[in-house]
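The values are calculated or read from the model by the stated rules, or taken from the named source; none is laboratory data. Values in this document were obtained by computation on a predicted structure and should not be read as measured data. Ideal geometry is used to build each Cβ from the backbone, glycine not excepted, and the neighbour counts take in all protein chains shown. Each accessible area value is taken on the protein alone, full model and side chains, heavy atoms only, with ligands, DNA and RNA left out. Shrake-Rupley method; radii C 1.70, N 1.55, O 1.52, S 1.80 Å.
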Amino acid sequence: QVQLVESGGGLVQPGGSLRLSCEASGSIYSGNSMGWFRQAPGRERELVALMASGYPTNYADSVKGRFTISRNAKNTVSLQMNNLKPEDTAVYYCTYRWYSSTYWGRGTQVTVSS
């Protein structure tokens, strides 16, 4: 089992910045993937950014150039979000994947509004 704890969501004005963090604990194995998805009201969950071991980082087209994902050796993945737009409003979920196993955090709300 893997536990994921997210932090850093909140309310920000358009053009502002937020940083999300997610710490993974439990049965962590090498060769895994970690990243972020988001889900807005009435929409399906979508990929934001994903770091997979041995592969290039994958970003959604809508966030390229504005969001940056990073990861440290202690299994914490962060998402720096700059120039936020109202359409970035969603619940953001951290994810951990290893082969056929996928785990999700509880999610953190990001609201971009003036």
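Brief remarks follow.
- Distance from region 37-87 to region 5-19 (C-alpha centre basis), Å: 13 Å
- Whole-percent carbon and sulfur share, accessible surface of the chain, 1.4 Å: 46 percent
- Filtered trypsin sites (Lys or Arg not before Pro), region 11-47: DSSP coil and at most 13 other beta carbons within 10 Å: 43
- In units of the rule-of-thumb radius 2.2 N^0.38 Å, the chain shows an alpha carbon radius of gyration of 1.01.
- Mean accessible surface per residue for the chain, computed with a 1.4 Å probe while every protein chain stays in place, in Å²: 56 Å²
- Near residue 72, once Lys and Arg are set to +1 and Asp and Glu to -1 for all other residues with Cβ below 15 Å from its Cβ, the sum equals +2.
- Net charge of Cβ neighbours under 15 Å - reference residue 17; Lys, Arg +1; Asp, Glu -1: +2
- Positive contributions from Lys and Arg (+1) and negative ones from Asp and Glu (-1), summed over other residues with Cβ under 15 Å from the Cβ of residue 3, come out at +1.
- Using θ = phi - 60° and Karplus 6.51 cos²θ - 1.76 cosθ + 1.60, couplings along region 5-10 (whole Hz; Gly, Pro as x): 10, 9, 8, x, x, x
- For the chain, the residue among 47, 82, 13 whose Cα projects farthest onto the positive side of the dipole built from Cβ charges is 82.
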